[in-house]
1. Compute the signed sum of charges (Lys and Arg +1, Asp and Glu -1) over the other residues within less than 15 Å, Cβ to Cβ, of A29.
2. To the nearest 20 debye, what is the magnitude of the charge dipole of the stretch 390-486 about its Cα centre, counting +1 on the Cβ of each Lys and Arg and -1 on the Cβ of each Asp and Glu?
3. If the stretch 121-183 were replaced by its equivalent ellipsoid, with semi-axes equal to the square roots of 5 times the Cα gyration tensor eigenvalues, what would those be, largest first, whole Å?
4. Quick one, which of [x] 130; [y] 181; [z] 224 is the actual volume of the Cα convex hull per residue in Å³ calculated for this model?
5. Given S301, S327, Q352, which one lies farthest toward the positive end of the charge dipole of the stretch 258-383, if we put +1 on the Cβ of every Lys and Arg and -1 on the Cβ of every Asp and Glu?
6. Mind checking which lysines have their Cα closer than 28 Å to the Cα of K282? Skip sequence neighbours fewer than 8 apart in that chain.
7. Return the FRET efficiency for the residue pair N223, A550: r is the Cβ-Cβ distance, R0 is 30 Å, and the value is rounded to the nearest 0.05.
8. Roughly how many Å² is the accessible area per residue of the stretch 370-419, as a whole number, for a 1.4 Å probe?
Amino acid sequence: MKRNLILLFSVVVSVCCVAGEMPDGYYNAAAGKSDAELKGTLKTIIRNHTVLNYGSGENSSWYCFYYSDRDTNTNLCMDMYCDDWKPFTTPGEVVAGCNVEHSFAKSWWGGAKVDAYKDCYHLNPSNSTANSARGNYPLGNVDTPTKTVGSLKIGQRHHDGLNEDHYIWEPKDEYKGDFARAYFYMATCYGKDLNGNPDSQFSAYNGWRLDNKDVGSRYAMQNDTYLEFQDWEIEVLIQWHRQDPVSSKEIDRADAVNNFQHNRNPFIDYPCLAEYIWGNKKGESVDFATLKFTRDDDYLSLPEADKCGCNGEITDPTITAPRNGSSLDFGTAGIGETVAKTITVKGVLLTQNLSVQLVGSQTGEFAVSPTELTAEQALNGIGLEVEFTPTMLGKASAQLVISSSELARTTTVNLTAVCGFHALPATNVTSSGFTANWVNGGVESYSLDVYRREERGVPETVIIDEKGLSSASVSANAHLNISGKTYDESGSLRLGTSSGDGTITISDIDMTRGATLVVNAKSYGSDQSTLAVTVSDKLLETITLTSNFADYTITIPATSATSIVLSQGTSGKRVNIANLLLKAGGTAIVNVSLDGFPLSVGGLSYDVAAAVSNDDPLYYTVTPQGGATSNEIVVKLTQETAISVPTADMPVCVARDGRIECNVAFRIFDLVGRDVTAANGSLCGIYIVRTAQTVQKVIVTK
């Protein structure tokens with residue numbers, strides 16, 4: 001069966017969020033708010049976001065850093081703590097000599113149990129030595145440094161209220177605003193979770209840690225659900241925020257983080273918001289029409305004094321939506337499909353009609369309607385219908401331009417789309433088969449693969465289960481070996497002493513099907529320790545430890561390596577390990593093609609005859625000639641038995657001497673759906689026999 005499929009998808013949207021773009025209306029709920037209400041509303045807008053994994057690996061801190069903190073010209077890690085930048089390798093891998101640094105110190109609150117621990121808006125890649133030197137001190141202006149490490153200055157200030165001296169740290173001038181806006185974000189996004197608010201699920205932490213002289217929050221924070229910071233710290237942060245305005249680097253970094261976390265830092269988008277909460281606009285209600293948006297084309301070219309973003313009142317005819325330079329992504333469509341989207345156009349102070357046109361070499365793939373808008377329509381807001389109808393495979397792009405003679409500049413929206421190949425859902429699903437479908441890929445033939453899934457492998461088994469680790473228990477375990485400097489303590493083994501570092505090597509492990517390692521560990525004393533996990537000389541993960549024993553689970557992908565090394569991630573910073581649990585092996589799900597598949601097909605659909613013995617689903621993918629394999633389609637055959645069971649009043653077919661005989665007219669199909677009726681008499685195997693009333697499975701033997 002062949003048929004061409006032309007589908008129309010109509011989606012009404014504002015310009016959507018792609019490649020760091022901000023959705024229209026993202027901050028609408030904050031309009032007209034002030035002070036604590038404004039801060040609380042911003043929290044509601046940004047708090048529910050995607051939480052990444054901490055450390056290395058896919059969708060982790062280091063995975064985000066590869067895109068947010070890598071200089072694409074040099075491939076070096078843009079370390080804001082040190083001028084000695086190190087190279088990146090691949091996404092998700094740790095940069096040599098660097099840690100994941102919490103600029104907003106994790107010891108100030110509940111640590112790893114809170115989402116704030118993993119938020120990349122305040123996490124930064126940091127030289128490990130600089131990371132250690134800045135400790136958990138607050139930000140501040142250092143008059144007389146006691147230490148300079150990397151690009152940081154460390155010093156002391158006197159806290160008048162407590163009559164105590166305490167340490168502070170100061171970054172380079174070019175990063176001071178970056179850190180200030182990260183602090184504003186953290187206080188807004190997590191403040192009510194971390195400051196002892198009784199309505200918070202984290203109220204058990206009893207607020208910022210103010211009791212310990214060794215923890216910087218004692219000197220910088222207050223348990224106030226509005227201001228969060230002490231007055232002196234607010235003065236520092238606001239000063240830095242004003243002196244070091246948002247830069248192109250900070251904008252690019254925030255866009256990259258947004259692509260992973262799907263939330264934004266309001267104080268990078270609209271810098272003036274910090275003034276409404278902590279600065280000189282407290283008590284005033286926010287009017288976003290008067291604020292400058294840092295993504296506007298002219299922001300970076302503004303005089304330094306205007307980059308606070310508080311002087312953006314509109315006095316000339318202006319298009320306010322969509323934003324100039326924004327993007328509209330149509331996603332993926334097949335040849336002959338049409339994807340339609342709606343862009344809202346709105347302006348202020350307009351008196352002339354607007355012209356709408358498409359420009360670019362691929363405008364033939366797109367269409368827009370209407371192509372002229374009256375000033376009244378634009379003042380009230382009107383939708384533009386934009387369509388993408390591809391004629392060939394590949395990426396497509398164009399620009400939608402809105403203009404008039406009274407506008408100081410045109411508004412351009414970048415249109416992007418992909419004409420890609422994809423499989424369509426199955427149709428005609430019965431108990432014995434279905435029709436597989438796919439879009440037009442512009443080729444003559446397609447490879448159809450129909451398969452089921454099987455679990456293969458060996459059960460996961462415990463290889464090591466050592467509790468209360470010691471030199472003696474390590475020596476007694478054939479898989480374990482210690483080297484370097486170690487020391488026995490009550491119930492744990494310490495890696496590192498005052499005279500050197502230590503390691504534990506786990507060897508002779510079959511990890512060809514992967515492994516899971518659980519380490520119960522803590523930092524030693526006041527050391528800010530990390531634990532490095534290395535597999536076959538490749539650093540797999542660096543774990544930041546707390547002062548209490550906790551379990552850390554490390555998933556080890558399938559590898560031919562046979563050893564794991566546990567070592568101090570930061571030289572000189574000692575680590576206590578109490579328990580080790582290692583499990584290896586495991587099962588994997590594999591695809592098993594049905595007999596006769598993959599199969600070359602010339603049309604855009606194919607009738608699949610399939611006999612299954614249970615209710616497990618079948619799957620199919622399609623690969624166009626010379627192209628990439630499509631998405632996977634799941635097919636669940638109808639719940640009744642896949643092959644009908646004949647009754648006394650139904651036609652009956654039997655196998656005899658290489659042939660099939662029925663008492664009514666019939667057709668014979670093999671298990672891939674091919675009609676083999678003409679071969680009756682020389683059959684051998686399993687076949688599907690169709691009559692007008694039933695479908696039967698028949699086994700033929702010679």
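1. +1
2. 240 debye
3. After scaling each eigenvalue by five and taking roots: 20, 14, 11 Å.
4. [z]
5. Sorting the options by dipole projection puts first S327.
6. Partners within reach: K33, K39, K43, K176, K192, K292, K307.
7. Once rounded, the FRET efficiency stands at 0.70.
8. 47 Å²
The values are calculated or read from the model by the stated rules, or taken from the named source; none is laboratory data. Source: prediction; values computed, not measured. As a convention, Cβ positions derive from the backbone with ideal geometry for all residues, glycine included, and neighbour counts pool all protein chains shown. For accessibility, only protein heavy atoms count, side chains too; no ligands or nucleic acids. Shrake-Rupley method; radii C 1.70, N 1.55, O 1.52, S 1.80 Å.
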